[in-house]
Each structure stands twice: as C-alpha cells, then as structure tokens.
C-alpha cells in the first residue's frame, strides 16, 4: 500500500481538490476547450461537476490525465501505462512534478490520444473498462435548459 501511495500523486487526492487546483490555474472555459468536456462550459458548481465526473469514468480519467501530465507536468508515459486508469498507474520515483504547462494544440491532441486508449461500455452492473482503440460511448450533448437530461 505504501508503494501505491509513494508512486502515484493521485493517491488520496480528492476529485474536488484536483478540480479546484486546475480550475484556479486554467479557468473553466480553457478547461472546457482543452479537455473537450462540454459540461465544464456550463460549470454549475463544484459539487455537480464532481458528481458528473464520478458518474462518467471517461471524463474523470481525462481530467486526471490532464492533472498529471499538464498541470503537474510529469513526463507522458508509454501507451501501455496510458491504457491503465490514472489512479492505478505507476510513476517512477525519479520523476518529479514540474510547473504547470501552457495549453497548446499539441496538449489537446495528447489528452485526446490518452483518453482513446481506454474505452468504456455501460452494462446493467455499471460502466466497465475494456482495452480497445476507440471509445464506445461519447459524452451526451449538454442542454442548459435541461441539465438533468430528463
């Protein structure tokens, strides 16, 4: 258990703390554009955003990848490591967090590439992860007049 704690900066980090850090640094509009998560464009509060991320594993992992490799500026791992959920990845001890990176077009492509290495299909038992080359579910369109999608 101590290995997991020492080798993953996401260990013990709550999602709301992670979101607060990156949103204070980059802002919700820039996060919406770079992560391509429409929900951030209509940010209705931290509690609802955290709930959205917990219910949508693909979005949560996109945010966690962004946090690790753009905000904390860890070196991007190989495809084998990227296909593992961010909270389960091993980060070697010689890699140290750096200063947050500026968001460029390359950053957006890198985040999208990392998220496509994992796929999610919803079953009666909840979302399950599979290793395929494309995502099986996409973010549903967000309608501000109907935020609960009912």
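The values are calculated or read from the model by the stated rules, or taken from the named source; none is laboratory data. Worth saying up front: this structure is predicted, and the values here are computed from it rather than measured. FYI the Cβ positions are ideal-geometry reconstructions off the backbone, even for glycines, and counts take in every protein chain you see.
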**Prompt:** Assuming residue 76 fulfils every condition listed in (1) surrounded by fewer than 12 Cβ atoms within 10 Å (Cβ to Cβ); (2) over 13 Å from the mean Cα position of the chain (by Cα) apart from one, which condition is it?
**Reply:** (1)
**Message:** Please verify whether residue 30 is at pLDDT below 90 and within 9 Å of the chain's Cα centre (by Cα), treating the condition exactly as stated.
**Reply:** no
**Request:** Only residues that are more than 19 Å from residue 117 (Cα to Cα) and assigned to a loop (DSSP other than H, G, I, E, B): list them for the range 29-68, please.
**Result:** 42, 43, 44, 45
**In the range 79-108, residue surrounded by the fewest Cβ atoms within 10 Å (Cβ to Cβ) [restricted to those that are modelled with pLDDT of 80 or more and in a helix (DSSP H, G or I)]** = 80
**Item:** In the range 109-135, the residues that are loosely packed, with under 11 Cβ neighbours inside 10 Å and modelled with pLDDT of 75 or more
**Value:** 109
